[in-house]
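Shown next, in structure tokens, is the structure this report addresses.
The values are calculated or read from the model by the stated rules, or taken from the named source; none is laboratory data. Just so we're clear, the structure is a prediction, and the values are computed from it rather than from any experiment. Every residue, glycine among them, receives a Cβ derived from its backbone with ideal geometry; neighbour counts consider all protein chains shown. SASA here: full protein model, heavy atoms, side chains in, ligands and nucleic acids out. Shrake-Rupley method; radii C 1.70, N 1.55, O 1.52, S 1.80 Å.
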Amino acid sequence: MRLLGLLLLLFAFSPWSFANKFPDLALTPPMGWNSWNTFACDIDEKLIRETADIMVSSGMRDAGYVYLNLDDCWHGERDADGFIHPDPDRFPSGMKALADYVHQKGLKLGIYSDAGDQTCGGKPGSNGYEYQDALQYARWGIDYLKYDWCNTENLSAHGAYRTMRDALRHAGRPVVFSMCEWGDNQPWLWAQDVGHLWRTTGDIINCWDCEVDHGTWSSWGIMRILDMQQGLRQYAGPGHWNDPDMMEVGNGMSADEDRAHFSLWAMLASPLIAGNDLRQMSPETLAILTNAEVIAVNQDELGVQAFKYKTEGEIEYWFKPLANKSWAFLILNRGDKVAEAEFDFRQEVVVDPDLPLTGNKYAAGFANSRYAIRDLWQQQMKGTTKTPLIVTVQPHSVAMYRLTRIVNDELH
Ligand code: GLA
């Protein structure tokens with residue numbers, strides 16, 4: 001009996017017992033804010049506190065944006081024992097005090113590190129310090145870790161990300177683990193028990209359809225990132241999401257482009273991590289980021305990513321299966337001209353292309369069933385699927401709908 005007890009105790013503290021990420025986190029795509037897209041390395045505790053305040057006062061927290069994530073460059077030095085500390089000039093009150101402040105606002109605090117010796121911004125990386133860093137984050141009260149992939153020439157991604165996952169588990173505080181190796185090692189094929197989300201591409205930038213060449217790497221506009229998601233949707237689901245990068249809503253594109261970007265990220269079951277300066281946000285940007293019906297599509301409990309159903313020139317038709325046999329439906333106009341789109345639901349057989357069909361869970365029988373159509377941006381009902389939907393779609397913009405089944409003249 002004693003021996004059994006001893007063996008159980010040994011197992012409980014052995015590396016094998018933690019051979020998985022924290023369960024029951026990110027069961028819907030994580031929502032929050034991250035400092036990088038607007039502030040890059042120019043961050044300090046004043047910015048983070050002010051951002052926390054606005055996340056609450058603007059209604060963003062209540063709309064679901066709970067993670068407040070520091071990106072690169074919060075770091076100071078390691079101490080004589082190897083423990084990392086924040087930059088004392090930028091974070092004079094320390095990380096524990098910042099986490100307490102953020103928590104007391106009903107938010108969660110995220111931090112950033114890198115699997116290599118240095119981060120992309122040249123700050124201390126976690127290579128060789130994984131367990132110590134994870135312990136330090138747990139002491140501070142960190143809830144989310146974005147783990148980058150610069151300066152990792154001699155490392156294997158499988159090994160490095162598993163090591164940090166195990167370190168986080170040993171430290172004991174539940175942490176959402178956000179893998180950021182840009183899709184280089186196809187994490188969707190092996191990281192389901194490692195991370196809660198994984199980047200699928202290089203960095204996003206605030207343009208509709210551009211590539212910005214930085215020499216050894218490029219950043220990509222919204223349409224480019226969208227196209228790079230092809231073939232990946234089957235790997236996403238509750239607790240493990242494809243991450244097409246943080247949002248550029250409010251960072252200089254047109255309102256139509258911002259709405260399209262936000263709608264598409266919602267359809268892709270992408271993490272919704274805002275990247276704009278919340279202190280300067282226009283009412284229009286706030287209205288986009290907090291559209292509850294679009295967010296509900298993203299946060300739908302089924303956790304199934306959208307698929308492109310068909311393309312007609314510059315127009316694309318996308319469907320996302322939702323719980324209760326509902327669907328989200330999006331019409332995208334990628335082009336530079338106004339377009340008339342017409343969709344005759346009764347002529348179309350919509351079946352999820354990647355997931356096995358259980359009954360007709362992922363098939364929309366538009367010929368036999370009727371659905372009510374609700375426009376999620378105009379926030380009004382638009383008839384039913386019995387008659388064709390005809391809509392004018394502005395350039396670089398979307399129309400987005402929820403389709404709810406009607407049974408015996410009632411919505412189901
Ligand atoms: C990489 C990541 C970005 C950001 C920067 C920070 O480029 O992909 O999202 O974290 O590093 O240096």
On average, how much accessible surface per residue is there in the chain, in Å², for a 1.4 Å probe, leaving out ligands, DNA and RNA? 42 Å²
Kirkwood Rh and Cα Rg combined as Rg over Rh, evaluated for the stretch 291-412: 0.94
When 1/r is averaged over all different Cα pairs and the result inverted, which Kirkwood radius in Å belongs to the stretch 160-302? 16.1 Å
Here the cysteines of the chain without any disulfide-compatible Cβ partner under 4.7 Å are 180
Taking only DSSP H segments of four or more residues, each worth -39500 (n - 2.57), what value at 222 nm results for the chain once the sum is divided by all its residues, to the nearest 500 deg cm²/dmol? -7000 deg cm²/dmol
Please report how far the C-alpha centroid of the stretch 48-109 lies from that of the stretch 336-357, rounded to the nearest whole angstrom. 43 Å
Highest to lowest packing among 204-213, 218-227, scored as the average C-beta count within 10 Å: 218-227, 204-213
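Rounded to the nearest 0.05, what FRET efficiency do residue 323 and residue 85 give with R0 = 56 Å and r taken as the Cβ-Cβ distance? Could you check?
Efficiency computed from Cβ-Cβ geometry: 0.80.
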Cα gyration tensor category, rounded, prolate or oblate, for the stretch 265-336 with a/c compared to 1.5: oblate
Rg/Rh for the stretch 167-244, where both radii come from Cα atoms and Rh is the Kirkwood radius: 1.04
Nearest 10, in degrees from 0 to 90: the angle of helix 130-140 to the longest Cα principal axis of the chain is 80 degrees
Highest to lowest packing among 355-362, 403-410, scored as the average C-beta count within 10 Å: 403-410, 355-362
What is the helix-to-structure angle for 2-12, meaning the angle in degrees between its Cα long axis and the longest Cα principal axis of the chain, kept from 0 to 90 and rounded to the nearest 10? 60 degrees
Mind pulling the angle between the C-alpha long axis of helix 95-104 and the longest principal axis of the chain? Nearest 10 degrees, somewhere in 0 to 90. 40 degrees
For the stretch 307-411, the percent of accessible surface on carbon and sulfur atoms (probe 1.4 angstrom, ligands and nucleic acids excluded) is 45 percent
The stretch 349-403: radius of gyration over Cα atoms, expressed as a fraction of 2.2 N^0.38 Å: 1.33
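Given the peptides 104-116, 52-64, arrange them by the average over their residues of other C-beta atoms within 10 Å, most packed first.
104-116, 52-64
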Please report Rg (one decimal) and Dmax (integer) in Å for the Cα set of the chain. 22.4, 77
Lys/Arg Cβ at +1, Asp/Glu Cβ at -1, dipole of the stretch 3-298 taken about the Cα centre: which of 37, 298, 186 is farthest positive-ward? 298
Taking the stretch 71-165, which GluC sites (Glu not before Pro) meet the DSSP loop condition and have no more than 14 other C-beta atoms within 10 Å? 153
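Give me the extension gain from residue 368 to residue 156: residue separation times 0.36 nm, minus the current Cα-Cα distance, reported in nm with one decimal.
Additional length available on full extension: 71.1 nm.
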